[in-house]
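Report on one structure; see the data block that follows.
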Amino acid sequence: MHNKTIAELSRGLREGDFSSEELTRHFLERINRLDNSLNSFITVSEELALAQAKQADAQIAAGEVGALTGIPLAQKDIFCTDGVKTSCGSKMLDNFIAPYNATSVEQLNAAGTVMLGKTNMDEFAMGSSNETSFYGAVKNPWNTDTVPGGSSGGSAAAVAARLTPCATGTDTGGSIRQPAALCGVTGLKPTYGRVSRYGMIAFASSLDQGGPLTRTAEDAAMILGVMAGFDERDSTSIDTPVPDYTAGLNDDLNGLKIGLPKEYFGEGLDSGIGDAVHAAIDEYKKMGAEIVDISLPNTHLAVPAYYVVAPAECSSNLSRFDGVRFGYRCEDPKDLEDMYKRSRGEAFGAEVKRRILIGAYALSSGYYDAYYLKAQKVRRLISADFKQAFESVDVIMGPTSPTPAFGLGEKADDPITMYLSDIYTIAVNLAGLPGMSIPAGFVNNMPAGLQIIGNYFEEAKLLNVAHKFQQITDHHQRTPAGFE
Ligand code: GLN
């Protein structure tokens, strides 16, 4: 059952091949047996899952079935879940139980899905390797000496290891796409504003966006259809209709114009990843696509601009964790000042502290214009590059990550090298565009990801482009050894 896609499981449930309870017990058993070696879950919500599964079975029996009724999934531990711990990978929220569900969680619950648990992540979604989690690193199921990517590393590892058919993620600078690439699964970061951020713990509010990690593009289309939509509780949510993302999956790609930015194929790109991406592009040519060489000249400014904007927003967002309102409070504070200092000092990890310090510095008077305002201007230039590119192409393709999964600990003490893992993904967040990563092949038995970037609200086109590739390739079907 665990090798079936959501689309296949949905048919099986409706045809009575198995019940949601059987399916849920099957995945819970796999998590209990196999996740010790991966650490992809922070919390397994067995009781809730079985209750939701029984409810789904009752709905199926009564004929009230939607496409996702009874489908198990996992939520990244950044989404607030009523009654189930939401830690955000941090000691700060180790004891936090939200009194409400994030909108995405609410919508997936309403669609009849079953929540298996909450997946591990970099602390407050800051990282590219899942090594900054308070709950320990996650291992990549393709080689447990390597990282799964981050920050949605638990979600990507769990989907790759067939511990869940789907997991949600969030992407501020690549955190859905990069772990999807490193673990050989499909990840979709929607257009900024497409999926509600209500109840999704904020890291950098102008960049954060939730989306699905699944095995296939078809599954991603089914999940996005439920997660997407206007939410009046999120002031940056956009009120535009949600299309049926599954309707155009098989549309013909003849004449599709694919832009290849020369900046995405230069120095720093692993040659094996480059080969896998070029081989994937050749498949598109066979399907009738036309390749257009393009340039995104401000690409080299994306990482520096991001590492001003994201820390600035993080320092503001994380000021709410002060020992008073949420989560951790130090023992026996002497006075208010001592409580603030020690609560934050004891409960935040090194990477989170580094970001808060950089952000507070960049926003301070005298430096604001030099750093924050400058970074916002660069951000505009980066958006303008994409705007121009989309005047002549339908989608942009390139690698998701410059390298395959790297060794655990390899970059942990070198933040700058770690930040460069997101060199191809970050510009997409700065511009607010939708992007996907799909399995494109393997380098020394480790997955390589193809990134597909679309124009605003063109998720349906991305899914179509990804789905057609998955109809003629089987990279996405390969299972890591030991998890068959
Ligand atoms: N790796 C990037 C960072 O550490 C992106 C993280 C994310 O997308 N949440 O900021």
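The values are calculated or read from the model by the stated rules, or taken from the named source; none is laboratory data. Because the structure is predicted, anything quoted here is derived from the model rather than measured. No Cβ is skipped: glycine too gets one built from the backbone with ideal geometry, and neighbour counts run over all protein chains shown.
Okay, residues lined up against (1) closer than 29 Å to residue 445 by Cα; (2) in contact with a His (Cβ under 7 Å, 6 or more places away or on another chain):
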{"position": "183", "(1), (2)": "yes, no"}
{"position": "214", "(1), (2)": "yes, no"}
{"position": "218", "(1), (2)": "yes, yes"}
{"position": "233", "(1), (2)": "no, no"}
{"position": "248", "(1), (2)": "no, no"}
{"position": "252", "(1), (2)": "no, no"}
{"position": "269", "(1), (2)": "yes, no"}
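The residue list 130, 140 contains one member that is modelled with pLDDT of 95 or more, touching an Asp or Glu at 6+ places or on another chain (Cβ under 7 Å) and within 20 Å of residue 447 (Cα to Cα), which is 130. Hey, any hits in the range 178-189 for a residue that's within 14 Å of the chain's Cα centre (by Cα), closer than 25 Å to residue 465 by Cβ and charged (D, E, K, R)? Yes, the conditions are met somewhere in the range 178-189. Residues in the range 108-132 that are within 10 Å of the ligand (Cβ to nearest atom) and among the aliphatic types (A, V, I, L, M): 121, 125, 126. If I filter the range 201-217 down to residues being of a type outside the set (Gly, Ala, Ser) and more than 12 Å from the ligand (Cβ to nearest atom), which single residue comes out as farthest from residue 80 (Cα to Cα)? Filtering first and then ranking leaves 216. Looking at 169, 173, just one residue is farther than 15 Å from residue 77 by Cα, within 16 Å of the ligand (Cβ to nearest atom) and either surrounded by 24 or more Cβ atoms within 10 Å (Cβ to Cβ) or modelled with pLDDT of 95 or more (or both), and that residue is 173. Contact map, the range 397-423: first residue free of Cβ contacts under 8 Å to residues at least 40 places away in the same chain, second residue assigned to a helix (DSSP H, G or I) and of a type in the set (Ser, Thr, Tyr), Cβ cut-off under 7 Å, separation 6 or more or different chains; the map is empty.
Within the range 381-397, is there a residue that is in contact with a Lys or Arg (Cβ under 6 Å, 6 or more places away or on another chain) and over 24 Å from residue 140 (Cα atoms)? Yes, that holds for at least one residue. Can you spot a residue in the range 222-235 that is more than 16 Å from the ligand (Cβ to nearest atom), modelled with pLDDT under 95 and surrounded by fewer than 21 Cβ atoms within 10 Å (Cβ to Cβ)? Scanning the range 222-235, I find no residue that is more than 16 Å from the ligand (Cβ to nearest atom), modelled with pLDDT under 95 and surrounded by fewer than 21 Cβ atoms within 10 Å (Cβ to Cβ), so the answer is no. For beta carbons closer than 8 Å, sequence separation of 6+ or different chains, a first residue in the range 34-55 that is outside any strand (DSSP E or B) and a second that is of a type in the set (Asp, Glu) and surrounded by 16 or more Cβ atoms within 10 Å (Cβ to Cβ), the qualifying pairs are 50/21; 53/21; 54/21.
Table: residues versus (1) under 18 Å from residue 39 (Cα atoms); (2) buried (at least 24 other Cβ atoms within 10 Å of the Cβ); (3) within 16 Å of the ligand (Cβ to nearest atom).
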site: 101; (1), (2), (3): no, no, no
site: 106; (1), (2), (3): no, no, no
site: 134; (1), (2), (3): yes, no, yes
site: 138; (1), (2), (3): yes, yes, yes
site: 147; (1), (2), (3): yes, yes, yes
site: 161; (1), (2), (3): yes, yes, no
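Counting only helices (runs of 4 or more DSSP H) that sit wholly inside the range 331-428, those with at least 2 residues that are within 13 Å of the ligand (Cβ to nearest atom) and surrounded by 20 or more Cβ atoms within 10 Å (Cβ to Cβ) are 350-363.
Here residue 95 passes the criteria (1) within 16 Å of the ligand (Cβ to nearest atom); (2) within 21 Å of residue 349 (Cβ to Cβ) except the one numbered (1).
Would you please name the residue that is nearest to the ligand (Cβ to nearest atom), looking only at residues in the range 429-447 that are surrounded by fewer than 22 Cβ atoms within 10 Å (Cβ to Cβ) and assigned to a loop (DSSP other than H, G, I, E, B)? Here the residue is 432.
Identify all residues within the range 98-128 that are within 25 Å of residue 204 (Cβ to Cβ) and of a type in the set (A, V, I, L, M, F, W, C); write none if there are none.
98, 102, 105, 108, 121, 124, 125, 126
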